[in-house]
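Asks: So that we are looking at the same thing, I have put the structure below in structure tokens.
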Amino acid sequence: MQRKLFTNALIFQGRSGFVKGSLLVSGGRIRKVIPEASGNEDPGETADSVIDLRGRHVIPGLVDIHTHGNSGHDFSDGGIDGLAVMGRYLAAHGITSFAPASMTLPYDRLERAFRTAAEYAERRPEDGARLMGIHMEGPYFSEKKKGAQNSAYLRKPDAEGFFTLQEAAGGLIRIVDVAPELEGAEAFIRAVSPACRVSVAHTDATYEEAARAFAAGASHVTHLFNAMPPLHHRNPGVIGAAAEQEAVTAELICDGLHVHPSAVRAAFRLFPGRICLISDALRCCGMPDGEYELGGQKVILKGGLASLPDGTIAGAARNLYEDMVNVMSWGIPAEEAILAATLRPAAVIGAEAEIGSLEEGKKADFLVCGEDWTLEEVHLSGE
């Protein structure tokens with residue numbers, strides 16, 4: 001088993017920042033983080049190869065728990081070849097793990113996509129991102145706040161249907177979305193939350209309805225601020241109810257179009273230690289301006305903005321690494337931005353024991369970044 005020693009690096013260590021030192025990797029996992037200050041830095045005798053990283057930053061591979069597609073492909077298409085293309089794009093752009101998000105579609109379409117996800121997870125291409133779960137976005141949504149979801153396929157919360165799909169997915173569904181104001185939503189949350197994280201999404205819920213959903217077991221909010229009522233001082237809604245619950249995490253799209261930088265800064269204050277950066281990227285991510293498809297609807301990409309023909313903003317056309325760098329440029333400390341794109345989303349999908357941080361025993365998925373956060377190298381399993 002080849003042992004690689006990555007030396008002369010600034011290694012990310014969570015809230016404590018960066019430590020100068022080395023990373024020992026073998027068998028696709030991190031075997032040791034060796035701070036230079038410890039006096040025990042491995043000089044290379046136990047390593048088969050030594051790689052000098054020349055003082056650059058080393059951070060965990062990013063984890064995107066809400067991405068629909070890229071490179072002309074969408075997870076909901078249900079094709080294994082398309083999913084492989086998506087995985088390769090993600091890995092090449094620093095997203096080494098992901099939980100693809102489905103759309104509001106008929107159950108048979110979802111089942112096909114979920115079975116494909118399980119197949120990809122079993123035989124991931126070596127240069128493709130790890131599929132660590134599925135984010136089931138829809139079909140249990142409010143008509144009023146459906147956003148770019150297809151209203152033809154909306155339905156009431158259905159625990160039996162969910163568990164049938166979870167079986168088809170081989171247990172990979174890690175997040176399922178629901179609008180709390182729908183009939184049967186509370187019963188759905190109580191039935192499903194012991195087995196899967198339930199997220200409040202595409203909702204017109206009042207503060208009281210949202211609070212009951214969190215009390216019933218919901219513990220996440222999908223793309224905070226988008227497809228929900230705004231925070232109002234007399235009607236705090238979902239945002240107010242979620243901010244009060246310390247166990248509730250919240251997603252944030254930081255492409256600069258979905259959420260204003262000021263609101264991003266406010267979100268990090270409202271949800272301290274609980275923000276997860278997501279891309280919400282569509283098949284048009286990494287593609288030129290033009291017409292694309294999303295859940296059976298036409299999407300127009302122009303100047304970086306993806307929208308339906310009626311002007312409704314759809315998902316995004318940027319990747320998670322770009323969003324993380326945006327957040328840093330908007331005044332969020334680098335340590336907090338990195339945690340929001342790595343360990344925190346990994347924990348949301350229950351994968352923090354394997355990915356999300358540079359710790360002994362975890363997958364050796366890491367990024368080498370320049371001083372200005374330019375992505376220079378991506379390592380999957382240390383390769």
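The values are calculated or read from the model by the stated rules, or taken from the named source; none is laboratory data. Since the model is a prediction, treat every value here as computed from it, not as a measurement. So basically every Cβ, Gly included, is an ideal-geometry build from the backbone, and we count neighbours across all protein chains shown.
Asks: Whether any residue in segment 97-108 is more than 25 Å from Val348 (Cβ to Cβ) and in contact with a Leu (Cβ under 9 Å, 6 or more places away or on another chain) is what I want to check.
Replies: Start the filter on segment 97-108 by keeping residues that are more than 25 Å from Val348 (Cβ to Cβ), which leaves 106, 108.
Restricting the remaining residues to those that are in contact with a Leu (Cβ under 9 Å, 6 or more places away or on another chain) gives none.
Within segment 97-108 (the criterion being more than 25 Å from Val348 (Cβ to Cβ) and in contact with a Leu (Cβ under 9 Å, 6 or more places away or on another chain)), the answer is no, since none of the residues qualifies.
Asks: Can you name every residue in segment 256-284 that is over 19 Å from Leu305 (Cα atoms) and assigned to a loop (DSSP other than H, G, I, E, B)?
Replies: Scanning segment 256-284 gives Phe271, Pro272, Gly273, Arg274.
Asks: Please specify each residue of segment 248-262 satisfying the condition of being surrounded by fewer than 22 Cβ atoms within 10 Å (Cβ to Cβ) and without any contact (Cβ under 8 Å) to a residue 40 or more places away in the chain.
Replies: Val248, Val259, His260, Ser262, listed by residue number.
Asks: When you look at Lys144, is it in a loop (DSSP other than H, G, I, E, B), touching a residue at least 60 places away in the same chain (Cβ under 8 Å) and in the same structural domain as Ile189 (by TED's automatic domain parsing), yes or no? Outline the logic, then answer.
Replies: On the way: in a loop (DSSP other than H, G, I, E, B): yes; touching a residue at least 60 places away in the same chain (Cβ under 8 Å): yes; in the same structural domain as Ile189 (by TED's automatic domain parsing): yes.
When the stated conditions are applied, Lys144 passes them.
Asks: Still on this structure, please answer the following. Somewhere in segment 141-153, is a residue within 23 Å of Ala195 (Cβ to Cβ) and at pLDDT 95 or above?
Replies: Let us first name the residues in segment 141-153 that are within 23 Å of Ala195 (Cβ to Cβ), namely 141.
From what's left, at pLDDT 95 or above: none.
No.
Asks: Can you confirm whether Glu137 is closer than 26 Å to Ile313 by Cα and crowded, with 24+ Cβ neighbours inside 10 Å? Break it down into steps so the answer makes sense when it comes.
Replies: On the way: closer than 26 Å to Ile313 by Cα: yes; crowded, with 24+ Cβ neighbours inside 10 Å: yes.
Judged against the criteria, Glu137 is a match.
Asks: Also: Which one of these is over 19 Å from Gly295 (Cα atoms) and surrounded by fewer than 24 Cβ atoms within 10 Å (Cβ to Cβ): Arg123, Arg115, Arg155, Arg109? Before the answer, list the steps.
Replies: Numbers: Arg115 fails: over 19 Å from Gly295 (Cα atoms); Arg155 fails: over 19 Å from Gly295 (Cα atoms); Arg109 fails: over 19 Å from Gly295 (Cα atoms).
Result of the check over Arg123, Arg115, Arg155, Arg109: Arg123.
Asks: Does segment 34-57 contain at least one residue that is assigned to a strand (DSSP E or B), farther than 23 Å from Trp373 by Cβ and in contact (Cβ under 8 Å) with a residue 60 or more places away in the chain?
Replies: Of the residues in segment 34-57, the ones assigned to a strand (DSSP E or B) are 34-35, 49-52, 57.
From what's left, farther than 23 Å from Trp373 by Cβ: 34, 49-50.
Filter again for in contact (Cβ under 8 Å) with a residue 60 or more places away in the chain, leaving none.
Among the residues of segment 34-57, not one is assigned to a strand (DSSP E or B), farther than 23 Å from Trp373 by Cβ and in contact (Cβ under 8 Å) with a residue 60 or more places away in the chain, which makes the answer no.
The rows are residues; the columns are (1) within 21 Å of Arg197 (Cα to Cα); (2) surrounded by 22 or more Cβ atoms within 10 Å (Cβ to Cβ); (3) not assigned by TED's automatic domain parsing to the domain that holds Gly82.
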| site | (1), (2), (3) |
| --- | --- |
| Val264 | no, yes, no |
| Phe271 | yes, yes, no |
| Ile278 | yes, yes, no |
| Arg283 | no, yes, no |
| Tyr292 | no, no, no |
| Gly296 | no, no, no |
| Leu305 | no, no, no |
| Tyr321 | no, yes, no |
| Thr342 | yes, yes, no |
